[in-house]
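**Student:** Here you go, one structure.
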Amino acid sequence: MNAHTASWPETQARLPAPAWVWAKALQWLVLSAVPLGLLALIKPWLLDFWQWIFTAWSQVLALSVSPRLNTGRSAIEWTALEGGSFAPSSTSLTWSVVGIAAVWLLSGFFSDRFRPLRTTLRALSLIHLSACVFFIWTPASFPYSISKHLQALMDMGYGFMWVIPPMLTLGWGLLQVPLYQKLIVPCLVLAYFALMLPHKLLLQAWLLEHLSILFMPVLFFGFGSLLDLWIFVAVYAWLASRVYAPSPGLREA
Amino acid sequence: MRRRHLPVITLRMVIWLLVIAAAVVWSTLALQAKGSPMRSGHGIVLLIPDANALPLPVTRAWLEAAQEEGLVVTPMTADEFIRAQANHTAIAGVLLPDSVHRQASDLLVNTLSQYVAQGGPLMVTFDAALFNLQTSTYADKASRLSHLVGMRYGLYEQLQDDTIAQSPVYASRLAEQALRIQPGKLDFGAHDADDWGELTTYAYKHLVYSHYMTEPLEPVQTLLRAEDDTPIVSTHAHGRGQVLFANVPLGYLKTRTDSYLLHRLLAFFASDMVRQPSLSATPQAQGGIVLNLHVDSNASQEPLAELERAGWFDDGPYSIHVTAGPDAIRAADGLGLNLPNNLWMQAFLKRQHAQGHEIGNHGGWVHNVYGDQADESNQREFEPYLDRNHASVSTTIGELAKVYSAPMGNQPSWATAWLDKKGFKAYYATSDTGLGPTQSFIHERPSPHAGLWAFPISNFKRIATFDEVQEQGMAEIEITDFIRLLLDHVSEQHMARLFYFHPAASPHFEKTLRTIQSEVKKLKAQGQFRWYSMAELSDFMKRRQDVRWQIRGPNAQGLQEISASSSTSLQDMTWVFPAHTAQDIRITEGQGTLHQNKDEWLLVAGHTPSLKVQWTRVP
């Protein structure tokens with residue numbers, strides 16, 4: 001990289017190194033603090049909103065899940081699900097094992113181009129197989145219920161939302177984008193997660209109630225925080241791809 | 001144009017395919033064996049956490065109580081229960097015991113909830129399922145079963161040290177009827193005027209139980225309550241099912257010689273909530289009394305003679321237990337019967353024995369010395385007292401005595417071992433009051449003497465016999481009424497109970513004795529009563545223990561079946577069907593007779609090693 005291809009403004013590049021670091025750190029702090037402050041400020045309304053979404057969809061989908069805000073309006077709690085946690089029947093277990101075998105075998109036919117998909121499918125199959133083995137031998141020892149599952153996913157999802165602004169500022173925020181975008185985009189990403197998270201949980205609750213809690217491990221490991229992270233990475237990549245690259249060298253890169 | 005290559009199936013893939021197919025077939029077969037819906041359903045199950053809980057004393061207490069109440073109860077682990085529910089296998093009723101099943105996963109709790117909502121009867125006991133699996137601490141702010149029992153309890157986070165309280169227990173008049181509590185167990189106050197009667201036992205001023213403090217959630221029907229109105233036993237409808245909540249540690253209490261509530265609640269659950277027939281604890285389901293006479297000293301001799309002259313011994317058989325030594329209250333006081341040298345008493349006992357009365361040992365050689373002084377530490381000193389008494393009584397009647405009662409109810413564990421060693425069949429007991437013949441727990445463990453049956457006394461509030469009436473400031477009429485009610489109760493409920501008295505007190509209770517005679521005469525005329533000896537009932541109970549039986553169904557048409565078998569004979573074994581729950585009862589294999597008795601059907605087995613009976617369950 002030569003001096004002409006540098007993407008940093010000339011004024012910043014000319015600053016002494018410690019001052020530059022301090023300036024960036026301050027920027028990171030301020031740009032992170034704004035969406036985080038907003039997130040903290042609207043938390044009670046956000047939880048109200050999530051509860052409203054849950055309640056509305058629960059009725060439409062006939063779910064037995066029943067969320068309510070705690071007295072301090074600081075968290076959503078799920079009441080014990082009446083008949084909502086079903087252990088898998090012998091038939092479900094058998095079909096699950098058959099399905100795992102089929103996925104494992106069929107993924108063997110994938111070409112190298114689909115190696116990542118094969119790896120992912122097989123990883124999920126192994127998680128599900130371990131769940132099957134567990135439920136065949138000792139179902140009563142399964143320590144989680146749907147309500148605990150949802151509680152954990154919601155706590156982790158909300159926690160992940162707190163990580164999004166600092167991560168965005170660290171990565172995407174360093175790029176050359178206008179300040180107003182640096183402030184608004186993290187808020188929009190947060191808004192996306194605020195909308196996506198309860199619907200993801202609703203979908204999981206619906207699946208668990210209609211299938212059985214046999215699928216809880218695979219949903220937890222494959223479609224819990226990992227999914228949030230994948231979505232964040234995808235959003236980040238999309239945002240980064242839309243940033244104007246000033247140098248021809250970078251544009252071609 | 002590029003040619004696409006078809007995928008090649010390698011040998012490795014084929015092997016994989018075969019291995020997975022084999023695994024699928026094996027797991028399918030294994031799962032079907034574990035919980036296939038094609039298997040016949042289960043009867044009442046005792047839900048235990050796992051197989052390790054099976055030998056625990058409290059588990060044994062529950063199973064033995066059920067067996068003695070004539071119920072088919074099988075242990076089922078939490079895993080098996082969850083599998084059965086997942087595969088829609090029918091389960092007639094679920095018992096969730098105290099002490100051995102404190103820890104439970106949310107999945108088990110939810111499965112129980114689902115079971116009840118779908119119409120299953122559930123009995124929840126005290127601390128069952130209160131704790132979580134991992135940490136053995138309270139799983140939630142209130143028991144996760146609170147919505148099932150209709151009240152919040154196990155409120156440790158809120159109440160801390162006040163989570164559990166202690167109180168006497170009171171039963172309503174309704175509960176007295178519903179639970180078929182026997183006369184004398186409840187004290188309804190002076191003149192029987194109170195609406196709630198305190199549960200009593202022999203010799204304790206108050207019977208105090210531990211219970212969880214509760215907060216109401218929904219209306220429940222309270223059968224028993226504490227002093228502060230906390231429900232102790234209640235029923236609550238949930239979904240299409242019913243839940244019986246016992247807020248006392250029933251199994252724990254049975255291992256500590258207080259079995260009454262466990263037995264009564266099990267019987268209530270099976271007959272009224274699960275609506276299952278039971279195997280009667282008496283031959284041909286004929287109710288009766290073991291009348292146990294304790295002949296402590298020579299003060300009894302004249303009253304015995306008077307009773308004989310009055311024709312009292314023409315009825316029976318009674319169980320006459322004798323302390324045979326020359327002394328009674330202290331050494332060398334000369335107040336004992338001195339049986340080896342008492343020709344009149346020898347002749348009397350021989351006469352009664354020949355007439356069919358049962359003659360047994362009352363300790364102990366010297367009544368009060370043995371009763372006051374024998375303890376766990378002095379077997380060497382006092383076992384000879386038992387030997388001498390046994391030799392004297394057995395010599396007199398010409399055969400070995402088989403039944404025993406402890407002077408003053410004092411029975412060290414070595415004395416029980418001695419009885420077993422000498423081939424005794426039964427002994428009178430002041431523990432487990434209100435029960436029929438039972439196999440008592442000793443030192444919190446099942447009795448190691450499986451051949452011995454304990455015959456608990458029937459307490460009248462805090463006393464058990466004539467001599468104590470005056471001590472408690474009672475009138476004769478009170479105990480007279482009690483005995484009359486007890487006779488009626490055992491007749492109606494097809495049960496056998498023990499009542500004992502000292503013949504020396506009989507001159508002061510002539511009216512009571514006459515009442516007994518007249519009431520028994522009336523009941524006998526109706527074919528509703530008979531006297532039992534301890535040995536006869538012990539033999540019957542032992543034979544009853546050998547009966548293997550199970551209930552199948554109901555199927556889609558409501559058809560149910562009992563199949564029973566015994567290595568010897570089912571003769572006189574009797575199944576009692578509540579009439580409103582069964583119709584079209586018919587014997588399909590073996591011999592037996594069926595007759596209706598008030599609102600019940602009685603099925604009496606004949607001399608047959610196996611029996612099959614079908615009936616249609618009334619919805």
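**Student:** Being more than 9 Å from chain B (Cβ to nearest Cβ) and either in a helix (DSSP H, G or I) or of a type outside the set (G, A, S) (or both) narrows it down to one residue among A:V103, A:V97; which is it? If you could, list the steps in order and put the result at the bottom.
**Tutor:** On the way: A:V97 fails: more than 9 Å from chain B (Cβ to nearest Cβ).
Residue meeting the stated conditions: A:V103.
**Student:** May I ask you to list the residues in region B:442-455 that are surrounded by fewer than 23 Cβ atoms within 10 Å (Cβ to Cβ) and assigned to a strand (DSSP E or B)?
**Tutor:** B:I442, B:R445, B:P446 - these are the residues of region B:442-455 that are surrounded by fewer than 23 Cβ atoms within 10 Å (Cβ to Cβ) and assigned to a strand (DSSP E or B).
**Student:** Go through (1) at pLDDT below 90; (2) within 14 Å of chain B (Cβ to nearest Cβ); (3) open to solvent by 70 Å² or more (accessible area, probe 1.4 Å) and name the single condition A:A87 misses.
**Tutor:** Every listed condition holds for A:A87 apart from (3).
**Student:** Out of everything in region A:143-161 that is hydroxyl-bearing (S, T, Y) and in a helix (DSSP H, G or I), what residue ends up being farthest from B:A129 (Cα to Cα)? Explain how you work it out, then say what you get.
**Tutor:** Filtering region A:143-161 for residues hydroxyl-bearing (S, T, Y) gives A:144-145, A:147, A:158.
This time we only want the ones that are in a helix (DSSP H, G or I), so: A:147, A:158.
On the way: A:S147: 18, A:Y158: 32 Å.
Of everything passing the filter in region A:143-161, A:Y158 is farthest from B:A129 (Cα to Cα).
**Student:** Continuing with this model, one more query. Output the residues belonging to region B:568-619 that are hydrophobic (A, V, I, L, M, F, W, C) and assigned to a loop (DSSP other than H, G, I, E, B).
**Tutor:** Within region B:568-619, B:L570, B:M573, B:V618 meet the criteria.
**Student:** Another question, then. Would you say B:D572 is among the acidic types (D, E) and buried (at least 16 other Cβ atoms within 10 Å of the Cβ)?
**Tutor:** Spelling it out, B:D572 is indeed among the acidic types (D, E) and buried (at least 16 other Cβ atoms within 10 Å of the Cβ).
**Student:** Output the number of residues of region B:374-393 satisfying the condition of being open to solvent by less than 10 Å² (accessible area, probe 1.4 Å) and either without any contact (Cβ under 8 Å) to a residue 40 or more places away in the chain or not in a helix (DSSP H, G or I) (or both).
**Tutor:** Qualifying residue count for the region: 3.
**Student:** Quick one: which residue in B:S143, B:S99, B:S105 is at the interface with chain A (Cβ under 8 Å from one of its Cβ atoms) and either closer than 21 Å to B:V248 by Cβ or among the small types (G, A, S) (or both)?
**Tutor:** Sole residue among the options that is at the interface with chain A (Cβ under 8 Å from one of its Cβ atoms) and either closer than 21 Å to B:V248 by Cβ or among the small types (G, A, S) (or both): B:S105.
**Student:** I would also like to ask the following. Report every pair of residues separated by at least 6 positions or lying on different chains whose Cβ atoms are under 7 Å apart, first residue within region B:148-174 and under 14 Å from B:A246 (Cα atoms), second of a type in the set (D, E) and not in a helix (DSSP H, G or I).
**Tutor:** Pairs found: B:G150/B:E218; B:M151/B:E215; B:R152/B:E215; B:Y170/B:E198.
**Student:** Same structure again: Restricted to region B:40-91, and to residues that are open to solvent by less than 10 Å² (accessible area, probe 1.4 Å) and of a type in the set (G, A, S), which residue is farthest from the other protein chains (Cβ to nearest Cβ)?
**Tutor:** Top of the filtered list is B:G70.
**Student:** Any idea which of B:G120, B:G184 is open to solvent by less than 20 Å² (accessible area, probe 1.4 Å), in a loop (DSSP other than H, G, I, E, B), closer than 30 Å to A:V65 by Cβ and of a type in the set (G, A, S)?
**Tutor:** Going through B:G120, B:G184 in turn, the sole match is B:G120.
**Student:** Any idea which residue in region A:28-76 is nearest to B:Q114 (Cα to Cα), counting only those that are assigned to a strand (DSSP E or B) and open to solvent by less than 50 Å² (accessible area, probe 1.4 Å)?
**Tutor:** Ranking the qualifying residues of region A:28-76, first place goes to A:P67.
**Student:** Residue check: is B:V94 more than 10 Å from chain A (Cβ to nearest Cβ) and either within 20 Å of B:G241 (Cβ to Cβ) or open to solvent by 10 Å² or more (accessible area, probe 1.4 Å) (or both)?
**Tutor:** yes
**Student:** Next question, about the same structure. Look at B:D333 and say whether it is surrounded by fewer than 19 Cβ atoms within 10 Å (Cβ to Cβ) and of a type outside the set (A, V, I, L, M, F, W, C).
**Tutor:** Judged against the criteria, B:D333 is a match.
**Student:** Condition first: within 7 Å of chain A (Cβ to nearest Cβ) and of a type in the set (G, A, S). Now tell me which residues in region B:108-134 satisfy that.
**Tutor:** Of everything in region B:108-134, those that are within 7 Å of chain A (Cβ to nearest Cβ) and of a type in the set (G, A, S) turn out to be B:S113, B:A117.
**Student:** Can you find even one residue in region B:353-373 that is over 30 Å from the mean Cα position of the chain (by Cα), part of a loop (DSSP other than H, G, I, E, B), among the β-branched types (V, I, T) and surrounded by fewer than 19 Cβ atoms within 10 Å (Cβ to Cβ)?
**Tutor:** no
**Student:** Of B:D599, B:D584, which residue is open to solvent by 30 Å² or more (accessible area, probe 1.4 Å) and farther than 22 Å from B:A92 by Cα?
**Tutor:** B:D599
The values are calculated or read from the model by the stated rules, or taken from the named source; none is laboratory data. This structure is a prediction, so every number in the text was calculated from the model and none was measured. Cβ sites come from the backbone with ideal geometry, for glycine too, and all protein chains shown count toward neighbours. Ligands, DNA and RNA are stripped out before the accessible areas are found, and what is left, the full protein with its side chains, is counted by its heavy atoms. Shrake-Rupley method; radii C 1.70, N 1.55, O 1.52, S 1.80 Å.
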